[in-house]
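All remarks here apply to the structure that follows.
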């Protein structure tokens, strides 16, 4: 199992540009989470999906952020336009709604720097 | 609401035991987790415990849960320099989001 795969690993962009972060969950997992990690705010949940349906997006900072999960094997987090305060590490995690595995598996993260 | 708190820093000597503590506020939490994060890396699940248990042991790791006091601890026996990392406590209800603590930075000196 390749685990949760995120791309890109690093992204440097200029303020005002659109940024798209990508995530491939573990095959068979049907719950997907986007987290953001900063020194000031720690790990914050942005949004999560169950069976490709957004369940809780209350952590999405503002309208500049949007997330989609068009199918069970792919999700995107888009920031448009990006701002320097969006600089953070963005993590994707997946979990299964079935079976006895209760652990959430995290990807390696995307380090975003907005200059 | 949900809130998870941890002390920020712990320093131990190699070979000693480490105990990392966590308190949480949501009494309806079903699962409690410990994650480890090494510099520049993602979060690695170390162990989890159901809220109806009070102890779980997994090799060098022992998790203790005091549900009455909403207190969770992680004990690492025979701590090694490779255990130096940030340790996050987290709680969740089934099928719902993980709520993380602030993380405890563990420094193991030779």
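Any read-out appearing in this document is the output of simple, stated calculations on the displayed coordinates, not a laboratory observation. Quick caveat, the model's predicted, so the values are computed rather than measured. Cβ coordinates were reconstructed from backbone atoms using ideal geometry, including for glycine residues, and neighbour counts include every protein chain displayed.
Label residue A:56 and residue A:85 with points 7 Å out from Cα along Cα→Cβ: what is the distance between them in nm?
Distance between the two pseudo-spin positions: 2.3 nm.
Which of B:37, B:96, B:80 moves the most in a Gaussian network model of chain B with Cα springs under 10 Å?
B:96
Could you tell me the distance between the Cα centroids of segment B:34-87 and segment A:51-115, to the nearest Å?
25
Label-point separation (nm) for residue B:5 and residue A:76, each offset 7 Å from Cα along Cα-to-Cβ?
Between residue B:5 and residue A:76, the simple spin-label model gives 4.2 nm.
Could you give the length gained on full extension between residue B:45 and residue B:95, defined as 0.36 nm per residue of separation minus the Cα-Cα distance, in nm?
Working: separation 50, 0.36 × 50 = 18.00 nm, distance 1.68 nm.
Gain on stretching residue B:45 to residue B:95: 16.3 nm.
Report the calculated FRET efficiency for residue A:12 and residue A:68 (r = Cβ-Cβ distance, R0 = 22 Å), to the nearest 0.05. Each step should come with its number before you reach the end.
Numbers: r = 23 Å, r/R0 = 1.06.
It comes to 0.40.
Looking at the square roots a ≥ b ≥ c of the eigenvalues of the Cα gyration tensor of segment B:1-64, which shape do they give, rounded for a/c under 1.5, prolate if a/b is larger than b/c, or oblate? Could you put the intermediate results ahead of the total?
Working: a/c = 1.63, a/b = 1.37, b/c = 1.19.
Verdict is prolate for segment B:1-64.
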